[in-house]
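Asks: I have a structure here, written as structure tokens, and I will follow up with some questions on it.
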Amino acid sequence: MKTNDFDRGTPGFFPVPVIPALVAAALSAVALFVAALSALLLVACSSPVSEEFYDAGVLPDDYFCMKLPSGSTADTGGQLRLIVSPDFGESREFRPSGGETVLLEFRKNRPAAVLAYLPGRPKPSGAIYPYTEELDERDGFAAEILWELYNEEGGCTEAEKENVRLFNWHKLIEALREQENPWLVDSDKVKEAIRAGKFTKSKIKKWVKKPS
């Protein structure tokens, strides 16, 4: 409150000394309320998360327009298989023609995994709505991690689901692109850390497995 808010005069029926006393009492009550609220928040957030990789900010709109990689029967000897996994909902599978542009709809403010399996390629290309707009082989690992978190047997607790939703998938994609082969990173450890809200970039190098 601005200091000059009380310089506009006082009503005639209020004795002047009463005003400072009322203000002091009100400020004291507000201070007690803030202290109590802070204590409750500390209890509720007793499991800290990495500020770098978790963000409660609002994500963009509900639609994801992407161009699919070439994957028609004619040029690859098989058909493109597209899997879309929304926010802890049932995954959907499509078999579109490669090279076309598709418009996918997702729940607002919820990351979604998109995986494209091309014939003859052992690993999928991937994208994570709304952070990447094209399916990319380099991003397949991150998208598959999200897909597995959404579809794991036994599921996640409500707290773990919230950690998955608030996780900064864009930064994970950038961190994994620095790896020569992201698929050598231990996916189980990545998922465990994301669920617990304790993922940090420095852990990635520790979880790289030796090529078999």
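Asks: Please determine, by comparing only the residues of region 191-205 that are farther than 14 Å from ASN181 by Cα and without any contact (Cβ under 8 Å) to a residue 24 or more places away in the chain, which one is least open to solvent (accessible area, probe 1.4 Å).
Replies: For region 191-205, the residue satisfying everything is ALA193.
Asks: Using beta carbons and a limit of 7 Å, which pairs, at least six apart or on different chains, have the first residue in region 98-111 and touching a residue at least 40 places away in the same chain (Cβ under 8 Å) and the second one among the hydroxyl-bearing types (Ser, Thr, Tyr) and open to solvent by less than 40 Å² (accessible area, probe 1.4 Å)?
Replies: PHE106/TYR129; PRO111/TYR129
Asks: Oh, and also: Inspect region 95-107 for any residue being acidic (Asp, Glu) and open to solvent by 50 Å² or more (accessible area, probe 1.4 Å) and give the result as yes or no.
Replies: yes
Asks: Among all residue pairs at least 6 apart or on different chains, which show Cβ distances below 6 Å where the first residue, located in region 162-181, is assigned to a helix (DSSP H, G or I) and the second is hydroxyl-bearing (Ser, Thr, Tyr)?
Replies: LEU166/TYR54; TRP169/TYR131; HIS170/TYR131
Asks: Scan region 115-144 residue by residue and report those that are open to solvent by 80 Å² or more (accessible area, probe 1.4 Å) and either in contact (Cβ under 8 Å) with a residue 60 or more places away in the chain or closer than 12 Å to PHE88 by Cβ (or both).
Replies: Within region 115-144, LYS123, GLU133, GLU134 qualify.
Asks: When region 160-178 is examined, which residues are found to be more than 17 Å from THR132 (Cα to Cα) and either open to solvent by 40 Å² or more (accessible area, probe 1.4 Å) or in contact with an Asp or Glu (Cβ under 6 Å, 6 or more places away or on another chain) (or both)?
Replies: Answer for region 160-178, where residues must be more than 17 Å from THR132 (Cα to Cα) and either open to solvent by 40 Å² or more (accessible area, probe 1.4 Å) or in contact with an Asp or Glu (Cβ under 6 Å, 6 or more places away or on another chain) (or both): GLU160, LYS161, GLU162.
Asks: Kindly indicate the residue of region 107-156 that is hydroxyl-bearing (Ser, Thr, Tyr) and under 16 Å from the mean Cα position of the chain (by Cα) and also modelled with the highest pLDDT among those meeting that condition.
Replies: In the first step, residues of region 107-156 are kept if they are hydroxyl-bearing (Ser, Thr, Tyr); the result is 117, 125, 129, 131-132, 150.
Narrowing the set further to residues that are under 16 Å from the mean Cα position of the chain (by Cα) leaves 129, 131-132, 150.
On the way: TYR129: 88, TYR131: 88, THR132: 86, TYR150: 95.
If we take residues in region 107-156 being hydroxyl-bearing (Ser, Thr, Tyr) and under 16 Å from the mean Cα position of the chain (by Cα), then TYR150 is modelled with the highest pLDDT.
Asks: Let me ask another. Go through region 145-159 and give me each residue that's open to solvent by 50 Å² or more (accessible area, probe 1.4 Å) and in a helix (DSSP H, G or I).
Replies: TRP147, ASN151, GLU158, ALA159
The values are calculated or read from the model by the stated rules, or taken from the named source; none is laboratory data. Computed from a predicted structure; not experimentally measured. Please note: Cβ atoms are built from the backbone with ideal geometry, for glycine as well, and neighbour counts cover all protein chains shown. Ligands, DNA and RNA are excluded from the accessible area calculation, which covers all protein heavy atoms including side chains. Shrake-Rupley method; radii C 1.70, N 1.55, O 1.52, S 1.80 Å.
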